[in-house]
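Colleague: The structure under discussion is supplied below as C-alpha cells; questions concerning it will follow.
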C-alpha cells in the first residue's frame, strides 16, 4: 500500500492539509501527518491547534511514495526553511517519487528550491514568480511527471482525488468521490 507524508507547520492552511489527508486516508492510503518544528503541536494559519503524528526529525522519508506540502502563510515559508524537508524532497525527486503541493507551497517551497525547473505547475496566483524555470498554468490541479500541484483551497479535494488516482487507480478515485458525494 502507498504511503504519504503530509507536512504541516505553524501557519499551514489547515483545510488544504486536512482535506487532502482525509481523502487519502478514506482511500486506505497510509498517511502520516508530520510537523516541521521541535514538537508535534502546530497552530495553523487560522489559529487551529493540530497535533501531528510525528516530527520531521522522527521520520525517514525513504519509505514514502509521496511528500505532500500544504500552503498557507507563514506555513509555506516554515516548510521552505526546513533543511531536513528540503533534503527529503531532493532525494524523493532524484528517485522519481511523487511530490505534491498546493496554494503557496508550489512557489515558496518547490519553485524556490528548483524542483519546478522545466515543469508545468500551478499555485495560488502571485506565487508563480518563484517557479525558477517552471511554467505556470491556471489549471486547478496539474501533474507533470512526479510533481502534482494545485492552485488553492478550492482544489484541495481535487488534489486528494488526483493523488488517489495516481497511487491506486481510477476506480479508487471514483469510489472515494462517491463516498463523499463529490460530483
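The values are calculated or read from the model by the stated rules, or taken from the named source; none is laboratory data. Predicted model only: the values in this text are computed from it and were never measured. Because the Cβ atoms are built from the backbone with ideal geometry, glycine has one as well, and the counts that use them run over all protein chains shown.
Colleague: Would you point out the residue of segment 12-44, among those that are in a loop (DSSP other than H, G, I, E, B) and within 16 Å of the chain's Cα centre (by Cα), that is surrounded by the most Cβ atoms within 10 Å (Cβ to Cβ)? Let's see the steps before the verdict.
Modeller: To start, the set of residues in segment 12-44 that are in a loop (DSSP other than H, G, I, E, B) comprises 12-13, 27-29, 36-40, 44.
Applying the additional criterion that residues be within 16 Å of the chain's Cα centre (by Cα) yields 12-13, 29, 36, 44.
Details: 12: 34, 13: 27, 29: 22, 36: 23, 44: 22.
Applying the filter and picking the extreme gives 12.
Colleague: Determine whether residue 135 is touching a strand residue (DSSP E or B) at 6+ places or on another chain (Cβ under 7 Å) and farther than 22 Å from residue 2 by Cα. First the steps, then the outcome.
Modeller: Values: touching a strand residue (DSSP E or B) at 6+ places or on another chain (Cβ under 7 Å): yes; farther than 22 Å from residue 2 by Cα: yes.
Yes.
Colleague: Answer with yes or no whether residue 63 is touching a residue at least 24 places away in the same chain (Cβ under 8 Å), surrounded by fewer than 20 Cβ atoms within 10 Å (Cβ to Cβ), farther than 27 Å from residue 136 by Cβ and out of contact with any strand residue (DSSP E or B) (no Cβ under 9 Å at 6 or more places or on another chain).
Modeller: Answer is no for this residue.
Colleague: Can you name every one of the strands (runs of 3 or more DSSP E) wholly within segment 96-183 that holds 2 or more residues which are crowded, with 24+ Cβ neighbours inside 10 Å and at pLDDT 95 or above?
Modeller: Numbers: elements: 98-102, 141-144, 147-150.
In segment 96-183, 98-102, 147-150 are the strands (runs of 3 or more DSSP E) which contain 2 or more residues that are crowded, with 24+ Cβ neighbours inside 10 Å and at pLDDT 95 or above.
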